[in-house]
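Have a look at the structure below, then the notes.
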Amino acid sequence: AKSDLAELTGKDVSEIVVVSVEATNWPDTSLGCPQKGSMYLQVITPGFKIVLELNGVHYTYHTDMGSHIVRCN
């Protein structure tokens, strides 16, 4: 998540603060961030909600237990 935010903003990863990491079960494979026009498997998907802060702005990321991560703002 920090790498994605650094790439998005052009800032260094060291400037990004982890505000919180919370384990959760998403209701489907959209990880709580469905994209219009996409279809998702309707299965409980364990993962994490991650909140990062950069320059006073919070950014929320959702993940599964593998390598899938999405920015949800």
Is there any pair linking a residue in region 41-62 that is among the small types (Gly, Ala, Ser) and assigned to a strand (DSSP E or B) to one that is modelled with pLDDT of 95 or more and surrounded by fewer than 20 Cβ atoms within 10 Å (Cβ to Cβ), with Cβ under 7 Å and at least six apart or on different chains, and which?
47/24; 47/64; 47/65
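Quick check on my filter: what residues within region 63-73 are open to solvent by less than 80 Å² (accessible area, probe 1.4 Å) and free of Cβ contacts under 8 Å to residues at least 60 places away in the same chain?
Across region 63-73, the qualifying residues are 64, 66, 70, 72.
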Would you point out which residue out of 38, 14, 20 is among the hydroxyl-bearing types (Ser, Thr, Tyr), open to solvent by 70 Å² or more (accessible area, probe 1.4 Å) and out of contact with any helix residue (DSSP H, G or I) (no Cβ under 8 Å at 6 or more places or on another chain)?
14
Every residue in region 23-35 that is in contact with a Ser or Thr (Cβ under 9 Å, 6 or more places away or on another chain), outside any loop (DSSP other than H, G, I, E, B) and exposed (fewer than 15 other Cβ atoms within 10 Å of the Cβ), please.
25
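The values are calculated or read from the model by the stated rules, or taken from the named source; none is laboratory data. As the structure is a computational prediction, the values presented were derived from the model and not from experiment. Please note: Cβ atoms are built from the backbone with ideal geometry, for glycine as well, and neighbour counts cover all protein chains shown. For accessibility, only protein heavy atoms count, side chains too; no ligands or nucleic acids. Shrake-Rupley method; radii C 1.70, N 1.55, O 1.52, S 1.80 Å.
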